[in-house]
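Student: Just dropping this structure here.
The values are calculated or read from the model by the stated rules, or taken from the named source; none is laboratory data. Model, not experiment: these values are computed from the prediction. FYI the Cβ positions are ideal-geometry reconstructions off the backbone, even for glycines, and counts take in every protein chain you see. Note: areas computed on protein heavy atoms with side chains; ligands, DNA, RNA excluded. Shrake-Rupley method; radii C 1.70, N 1.55, O 1.52, S 1.80 Å.
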Amino acid sequence: MSQTDDDRHYMARALALAERGLFTTTPNPRVGCVIVRDGEIAGEGFHARAGEAHAEVAALADARTKGRDVRGATAYVTLEPCNRYGRTPPCVDALIAAQVGRVVAAMRDPNPDQRDGVERLRAAGIRVDVGVLEEEAASLNAGFVSRMTRGRPWVRTKLAASIDGRTALASGESRWITGAAARADGHAWRARACAVMTGVGTVLHDDPQLTVRDVPTPRQPLRIVVDRHADTPANARVLAGDGALVVTAGPRGTSWPASIECIAVPDGEGRVDLVALLRGLAGRGINEVHVEAGAKLNGALLRAGLIDELVMYVAPAVIGDPARGMFESPAPLASLAQRADIEWKSIDRVGEDLRILARVRR
């Protein structure tokens, strides 16, 4: 389709609305909607959480509250309107009943259960265009798209390192390589994820909580410890309270209270099957997994082709050798052709540090 400046402008507004559900919509996608008639916004809305009104219905309700007529209007929505009953009625039905004249969707819905919304709208005589700011919309819902199309969550690995790529001293000391602003920014990435995952080595050395504390959030993500031998102490802070999961390759820890959830996902060689683990998390409705781990788990995820994105904070400091790196490999690479290549997405300054966002090339 040909995109006009107005199309991009109103879709950008719809995306900004969708971001208001960044921490709350799981397992649903983040969706925003803007309804425009005669060059003015008649109504707007976003999906806040599963079971509540979808963005299109919220925008139509907003227009009614304002006394605005939406007949013949254009509805800008960041995802193809849903076409079947779920927890709420189909948004396609609401748009048809409202007699809008045009629907502009940023992207098609990757959920196979919601296909053909565009076709139903067109069959009702409504003009539909798809593809305005599609890349931005897909990025906002990378986890939902991944779960629908690949059967696993989107995996984002967070790293904090010196400019020479060191994440800790040889002794394991790492607090703090980066500054307070970078740590708060890291908590915002935790907050948008459905789960935060680490390895038992990090638990034993750092005793992290893995909770969101530096930014306001209405819910805490699931806390996951990959621990093949069930070595996590029963009093580890990550296990405190509800919302923790330990993943082993065998029996659960004998000292753990019954309240601690534990699942065994063995790979047949004494390790945790990371591919099967992620598929299982997708079955729980987990869209995004945020990894804060040591070089061993990071390396295992990278070797398995399971890391999609890197959020890396680089401190203006040099640590030097011997010190710990970001990814552990079981054996040296035989050639540079075996390396993992990444694609730069953005580089920004956060406090005194740099934040690099990158995608792993497939």
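Student: Accessible area of the range 183-331 with a 1.4 Å probe: how many percent of it is carbon plus sulfur?
Tutor: Carbon with sulfur: 53 percent of the solvent-accessible area.
Student: Can I ask one more? Testing the spin-label approximation: label points 7 Å from Cα along Cα→Cβ at Asp6 and Glu119. State their distance in nm.
Tutor: Placing both labels 7 Å along Cα→Cβ, they lie 3.0 nm apart.
Student: Between 0 and 90 degrees, rounded to the nearest ten: what's the tilt of helix 180-192 against the longest Cα principal axis of the chain?
Tutor: 60
Student: Follow-up. What accessible area per residue comes out for the range 305-362, rounded to a whole number of Å², with a 1.4 Å probe?
Tutor: 64
Student: Extending each Cα 7 Å along its Cβ direction at Val275 and Ala97, get the distance between those two points in nm, one decimal.
Tutor: Placing both labels 7 Å along Cα→Cβ, they lie 4.6 nm apart.
Student: With every protein chain left in place, what is the accessible area of Cys82 in Å² (1.4 Å probe, nearest 10)?
Tutor: The accessible area of Cys82 comes to roughly 10 Å².
Student: Starting from the Kirkwood Rh over alpha-carbon pairs, what translational D in µm² s⁻¹ does the range 196-300 have by Stokes-Einstein at 20 °C and 1.002 mPa s?
Tutor: 153
Student: Still on this model: Please work out which option in [x] 11; [y] 26; [z] 17 gives percent of Cα pairs over 38 Å apart calculated from these coordinates, and answer with its label.
Tutor: Answer by label: [y].
Student: Near Lys66, which aspartates and glutamates are there with a Cα under 13 Å away, not counting those fewer than 8 places off in the same chain?
Tutor: Hits, sequence-local ones excluded: Glu40, Glu44.
Student: Something else about it: Rounding to the nearest 20 debye, state how big the charge dipole of the range 110-261 is about its Cα centre with +1 on each Lys and Arg Cβ and -1 on each Asp and Glu Cβ.
Tutor: It comes to approximately 160 debye.
Student: Determine the principal axes of the Cα atoms in the range 131-222, then give the extent along each, sorted from largest to smallest and rounded to whole angstroms.
Tutor: Over the range 131-222, Cα extents along the principal axes are 50, 28, 28 Å.
Student: Starting from the Cα of Lys345, step 7 Å along the direction of its Cβ; do the same at Val130; then give the gap between the two resulting points in nm.
Tutor: 2.3
Student: Can I ask one more? Measure nothing but the geometry: give the 0 to 90° angle between the long axis through the Cα atoms of 5-18 and the longest principal axis through the Cα atoms of the chain, rounded to 10°.
Tutor: Approximately 50 degrees, to the nearest ten.
Student: Under 20 Å between alpha carbons, and skipping anything fewer than 8 positions from Lys296 in its own chain: which lysines qualify?
Tutor: Those lysines meeting the cut-off are Lys158.
Student: Expressed as an acute angle from 0 to 90° and rounded to the nearest 10, what is the orientation of the C-alpha long axis of helix 274-283 relative to the principal long axis of the chain?
Tutor: 30
Student: Once you keep just the Cα pairs under 8 angstrom separated by 6 or more residues, what percentage relative contact order results for the range 190-316?
Tutor: 27
Student: Let me ask you something else. Can you give me the relative contact order of the chain as a percent, contacts being Cα pairs under 8 Å and 6 or more apart?
Tutor: 15
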